[in-house]
Amino acid sequence: MTIPYPTTNQSVSAFPAVEPPSGAQRPRLAFLGTGYLGATYAICFAELGYDVLGFDIDEAKIAKLQGGEVPFHEPGLDELLRTNLASGRLRFVTSYEEVAGFADVHFICVGTPQRGDTPGADLSYVESAVTNLTPHLKRRALIVGKSTVPVGTAEWIEQLVAKHADPALGIEVAWSPEFLQEGFAVEDVLRPNRIVVGVKSDWANGMLYAAHKGVFDLAATEDREVPLVVTDFATAELVKVAANAFLATKISFINAMAEVCEVAGGDVTQLAKAIGYDPRIGNRFLQAGVGFGGGCLPKDIRAFQARAQELGAGEALRFLHEVDLVNLRRRGRVLQLAAELLERPSGPAGPDLSGTRIAVLGAAFKPNSDDVRDSPSLAVAASLAKAGADVRVYDPQGMVNARLAQPSLGYEDSMAEAVKGAELVCVLTEWAEFRNADPHTVGDLVARKLVIDGRNCLDAALWTRAGWQYRGLGRPHPRV
């Protein structure tokens, strides 16, 4: 039966009761794609008490997970993986047939990277997951998209299901976007700040409630509420990209203010604090620095613009192009500051940093992660090296991925080794190890006490008193 959606802020009691097609007491869940998104969800939903299968075509990745090793860094996830493997609630497989025979709800969690030829999203992994799964289905099931996709993808998946699955089975499609923050993903799954579902029927609605009941039950034991938005396909798809576009815009806004502060003599950290007290604005994501990166925000805002253009609404998102440009411009500002501090000449091709040794502290795009995709830190390190500098990079978790992404850079196994003999130190990821570093201890290791605080995370006065020439982004030069 088709129900009159959209309906927002629906009470969990409004979900119709449904019986899982497998006959199990709770729906069995499968997560197709065991990258950051799928593996995190699979492990955490097993922790909530569900029987879970994680699926991937990458045999090496599946072998690692099945052996109790998370193939990426996320605090707290390793212990949960081992606990739930031992409980028998969680397994990882490479067989579509096994997944189809096991699960009632199939979450599509594969990557949607930017296409090589256009800014749009590459949906080939989504298509492959759906078209390879559906022919193996022998009973009713719900296919739920979680990957970040262009609006209209759920309708397209419905067409794929109709083409490849037995129509007598009554297989349905739904959409439930994810909102994971790297470094906080376990909490984001177990204790989400909202759940959004896009459905077309009572049955899909009830299945998604049953699939999330563990989340609601945990919230009840902790006397919390989990806001729920039940809506249509298009709105559910747009929620994630709209949220990412807003966050990217907020970050680029404060970085644009940093550019103004630099020429006007203002302090962007004080400006951000002042406007952040306004409850209409808030203080989150107002940290000026080298900008955002990672596997989501940059490619998502570009794909959002591309999709809006296809739909004839390109003008509405034109501002996101400037958001992207502001973000990329901040990386270049570090190169300019390096040349100024090192008193090196700059020509038409940019500054010449030949013969200088520069320590870059940070490779991951954010702390508590080993993700270096579109990392501002690594991009700056590469531009410093291109200008002729001998660059030494250190990151507490991102070294393996950084070496793969930028093999020509120099890498050190500790902060002390990275800064040893450096003429300039660039702090580009705000790891606690760097924020809390003793400027006197670091000062004893370097050749010159010059520091660029690319995340405005250091105590400028403390470093200046220790004899350092300090430069922050959007901040005036501190006085001793």
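Every read-out reported here was derived from the displayed coordinates using simple, explicitly stated rules and does not represent laboratory data. The model shown is predicted, which means the values in this text are computed figures rather than measured ones. Neighbour counts are summed over all protein chains in view; Cβ atoms, including those assigned to glycine, are modelled from backbone coordinates with ideal geometry.
Quick rundown of the values:
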{"read-out": "Cα gyration tensor category, rounded, prolate or oblate, for segment 22-231 with a/c compared to 1.5", "value": "rounded"}
{"read-out": "Global form of segment 4-142, assessed from the alpha-carbon gyration tensor, a/c cut-off 1.5", "value": "rounded"}
{"read-out": "Nearby lysines by direct alpha-carbon distance to Lys420 (threshold 17 angstrom, same-chain neighbours under 8 apart not counted)", "value": "Lys449"}
{"read-out": "FRET efficiency, 1/(1 + (r/R0)^6) with R0 56 Å, evaluated for Ser124 and Asp438 via beta carbons", "value": "0.70"}
{"read-out": "Reachable aspartates and glutamates from Lys61, criterion Cα separation under 13 angstrom, eight or more residues apart if same chain", "value": "Glu69"}
{"read-out": "Theoretical ellipticity at 222 nm over the chain - DSSP helices of four or more residues, -39500 (n - 2.57) apiece, nearest 500", "value": "-13000 deg cm²/dmol"}
{"read-out": "Tensor-based shape of the chain (alpha-carbon gyration tensor, a/c under 1.5 rounded, otherwise prolate or oblate)", "value": "prolate"}
{"read-out": "Leu218 versus His477: modelled label distance in nm, points set 7 Å from Cα along the beta carbon direction", "value": "5.1 nm"}
{"read-out": "Approximate spin-label separation Asp352-Ser87, in nm, with each point projected 7 Å along Cα-to-Cβ", "value": "6.4 nm"}
{"read-out": "The chain, relative contact order [Cα under 8 Å, separation at least 6], %", "value": "13 percent"}
{"read-out": "All lysines inside 26 Å of Lys163 as judged from Cα atoms, apart from same-chain residues fewer than 8 positions distant", "value": "Lys138, Lys146, Lys200"}
